[in-house]
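Right, one structure below, let's go through it.
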Amino acid sequence: MAGTGVFAELVDGDGVFKYYSSGEWKKSSSGKSVPIINPTTRQPHFKVQACTQEEVNKLIEEAKTAQKSWAKTPLWKRAELLHKAAALLKEHKVPIAECLVKEIAKPAKDAATEAVRSGDLVSYCAEEGVRVLGEGKFMVSDSFPGNERTKYCLTAKIPLGVILAIPPFNYPVNLAVSKIAPALIAGNSIVLKPPTQGAVAALHMVHCFHLAGFPKGLISCVTGRGSEIGDFLTMHPMHSGTAYARDRKQSNDLVELYLHCPDVLICGLNIFCCCFTGGDTGIAISKKAGMIPLQMELGGKDACIILDDADLDLAAANIVKGGFSYSGQRCTAVKVVLVMESVANALVEKVKAKVAKLTVGLPEDDSDITPVVTESSANFIEGLVVDAKQKGATFCQEYRREGNLIWPLLLDNVRPDMRIAWEEPFGPVLPVIRITSVEEGIHHCNASNFGLQGCVFTRDISKAILISDAMETGTVQINSAPARGPDHFPFQGLKDSGIGSQGITNSINMMTKIKTTVINLPTPSYTMG
């Protein structure tokens, strides 16, 4: 059970989950808490600490100190501790899954899978880190014109410092460890700011790292609203201890941003890398972050292009899986179907038949469709549906909603003047746009401000490759729905969908910098043949 057994120390006497700092679970001096609403009951289910700026200041300083010692820890030892954490994540998948069910209404089976997948990611990252970071590069000067072999250049990858990780509500464990594990194997310390919905699952995950025996201060997990704990990022000095907030105007701009983005911490002068998964807030963060690496995935409007030679049964199965899994609350969900008019009727009928078989209900019952995460999300989705209805879309099912629970809905004959054609619903509503040419489908895909993933269904691999090359997205799936995994594959978005590339190896490389040492020889040196 959540907050019991080995996790009992996470909860204070008032039933509020503690935050993690200095290798200990602590109550905030604020005496305040933040409620977490169960999407199914729409009632408070958990509470987490509302941390203060002083507490955040302290854990940031501790993270800096701990990182310096951690960077000296042998690679094999870092990997060993990560393997321990991975095993603990799998061992305690049941209480972690319970949190996911109650906090974000994730179906029970999928919730347990997230915990296991997260353990697998951590283990793979440990092994990959030893390989990637265990190799350097040796260069010689006479490979460049005009130089003799008088310089030997040695390069190595070294850690950045303190990494700020901000995962989203829909995968608060898996998308947290996808940031934490690469940071740790690379020699960095980590400050985790989990989403409010999903915070308790994230705290249970952090406790697995605690039980694995990582050094105190290396991993911190702070909870609370950004408007109350974000200002430290404009007040802290840089790591040199001599430079302060860049100027008064930027400080004021950041404070303003905190007030309008209450669940987000923004990168500041003591954060050396920001890894963020979420929505439009990421764009605002990137404008304020300054000269630090950013790794951001900010959503998508993933298009599914169906050609007239496609296997329609395969396409229909992937459309339903891609569009309605976890109630469509996935960045890589199929968000719009662009189907050739000649096969549109047949495809829509096949998709309708599969949608009719989806179960709707409680996450505890492993229903296919469960409540969306918040009432405001449900209201936003309903707004898109109302707009489509007013503009003449064909409803393949009756629109039905009870609280946060929205029944799956396929909208046919959607036109570009409808909001649902462009906006990301993050819910179980899927639009179908009929097209008369491949070029029309590509144009609609590329006209979006998003560019995360897309997919194309055709039996002609040559057409598939040509369409893939033309689509302005970070990834194109051929004859399959969009997907982030496997977790070691590169994962990136173009345009407003993000900055940088994820995937275990890419994340490790992004969380390091190159350090070069050049040996200058008194005379040219050449190896004997």
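Think of a 1.4 Å ball rolled over the protein heavy atoms: the chain then has 40 Å² of accessible area per residue. Between Gly224 and Cys51, the built amide H atoms are under 5 Å apart, and every one of these is 5 or more places off in sequence or on another chain.
In this structure, the amide hydrogen of Ser22, modeled 1.01 Å from its nitrogen in the peptide plane, lies closer than 5 angstrom to those of Gly217, counting only residues at least 5 positions away or on a different chain. When both region 394-440 and region 53-91 are represented by their alpha-carbon centers, they are found 45 Å apart. Residues whose amide H falls under 5 Å from that of Ile369, counting only those 5 or more places apart or on a different chain, are Thr359, Val360, Gly361, with hydrogens built in the peptide plane.
Taking θ as phi - 60° and the Karplus parameters 6.51, -1.76 and 1.60, the scalar couplings of region 331-345 work out to 4, 9, 5, 5, 10, 7, 9, 10, 10, 4, 3, 5, 10, 5, 4 Hz in sequence order, x denoting glycine and proline. Positive-end ranking of Val200, Cys331, Ala316 along the dipole of the chain, with charges on Cβ about the Cα centre, is headed by Val200. Kindly identify the chain as rounded, prolate or oblate by the Cα gyration tensor criterion: order the square roots of the eigenvalues as a ≥ b ≥ c, call it rounded if a/c is under 1.5, otherwise compare a/b with b/c, prolate if a/b is larger, else oblate. Note, shape of the chain comes out oblate.
Give me the percent of accessible area attributable to carbon and sulfur for region 303-478, probe 1.4 angstrom. Using a 1.4 Å probe with all protein chains present, region 303-478 comes out at 51 percent carbon and sulfur.
Evaluating 6.51 cos²θ - 1.76 cosθ + 1.60 at θ = phi - 60° for every residue in region 85-100, the Karplus couplings come out as 4, 4, 5, 5, 4, 5, 4, 10, 5, 5, x, 5, 4, 4, 4, 4 Hz, glycine and proline recorded as x. When Thr475, Thr458 are compared by accessible area of protein heavy atoms, the largest-first order is Thr475, Thr458, using a 1.4 Å probe.
In bins 5 Å wide, starting from 0, what share of all Cα pairs of region 303-478 does each bin hold, as a percent? With 5 Å bins starting at 0, P(r) equals 1, 9, 19, 22, 22, 14, 8, 4, 1, 0.
Each Cα pair under 8 Å and six or more residues apart adds its separation to the average, and for region 59-161 the resulting relative contact order is 26 percent. Per-residue Karplus couplings for region 412-427, computed as 6.51 cos²θ - 1.76 cosθ + 1.60 with θ equal to phi - 60°, are listed in order as 9, 6, 6, 10, x, 7, 8, 4, 4, 5, 10, 8, 8, x, 6, x Hz, Gly and Pro entered as x. In percent, rounded to a whole number, the relative contact order of the chain is 17, using alpha-carbon pairs under 8 Å and six or more apart.
The stretch between Phe489 and Gln43 holds 156.7 nm of extra length on full extension. This uses 0.36 nm per residue minus the Cα-Cα distance. Modelled spin labels at Ser376 and Phe138, positioned 7 Å past Cα toward Cβ, are 5.8 nm from each other.
Taking every DSSP beta bridge that has both ends in region 279-415, the antiparallel portion is near 45%. Label-to-label distance, Met291 versus Ala447, with points set 7 angstrom from Cα along the beta-carbon direction: 4.2 nm. Applying the criteria of a DSSP loop state and at most 10 other Cβ atoms within 10 Å to the GluC sites (Glu not before Pro) of region 126-196 yields Glu135.
The values are calculated or read from the model by the stated rules, or taken from the named source; none is laboratory data. Owing to the predicted nature of the structure, the values given are computational and were not obtained by experimental measurement. Neighbour counts run over all protein chains shown; Cβ positions are idealised from the backbone, glycine included. Only protein heavy atoms, including side chains, enter the accessible area calculation; ligands, DNA and RNA are left aside. Shrake-Rupley method; radii C 1.70, N 1.55, O 1.52, S 1.80 Å.
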